[in-house]
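Have a look at the structure below, then the notes.
The values are calculated or read from the model by the stated rules, or taken from the named source; none is laboratory data. Every value quoted in this text rests on a predicted model; they were computed, and no experiment measured them. Heads up, the Cβs are rebuilt from the backbone with ideal geometry, glycines too, and the neighbour counts pull from every protein chain shown. For the accessible areas, the whole protein counts, side chains as well, though only heavy atoms, and no ligand, DNA or RNA atoms are used. Shrake-Rupley method; radii C 1.70, N 1.55, O 1.52, S 1.80 Å.
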Amino acid sequence: QVELVESGGGLVQSGGSLRLSCAASGRIFSMYAMAWFRQAPGKEREFVAAINRSGGYTYYLDSVKGRFTISRDNAKNTVYLQMNSLKPEDTAVYSCAAARSGSYSRRSGAYDYWGQGIQVTVSL
């Protein structure tokens, strides 16, 4: 069992930055592929970014490429999402997820554990 806890969300103006963190319990964090998803009001959950076990490979939603960066620190059992040049359309609840398979994917069904989610609001 893995528990995931997100932090770092909040309200920011358009063009601003936030860094989300997701702290994982357990001793085998480095075995999991990790990802961030988001869900805006009235919309389906959407893949944002994923990272492989070592952190050497990353994968992004096209609309966040060049603005968002996913990274991980396996010594700290933490995955991060650095979000720059934020836009109002980035407003959503952001959740981190872990895949036991170790394979990263844009499909939510590939992930076994989920955090509770954290609100990110970008104002005009």
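For segment 32-92, how big is the tail of P(r) above 18 Å, as a whole percent of Cα pairs?
34
Run the dipole for the chain about the Cα centre, Lys and Arg Cβ at +1, Asp and Glu Cβ at -1, nothing else charged, and hand back the magnitude in debye, nearest 20.
Using only the charged Cβ atoms, the result is roughly 240 debye.
Taking all protein chains in place and a 1.4 Å probe, what share, in percent, of the accessible surface of segment 48-124 do carbon and sulfur account for?
46
Using the reciprocal of the averaged 1/r over all distinct C-alpha pairs, how large is the Kirkwood radius of segment 72-124 in Å?
For segment 72-124, inverting the mean 1/r across all distinct Cα pairs yields 13.0 Å.
Compute the label zone of residue 7 within segment 50-90: residues whose backbone N is under 19 Å from the point 7 Å along Cα-to-Cβ.
Those under the cut-off are 71-83.
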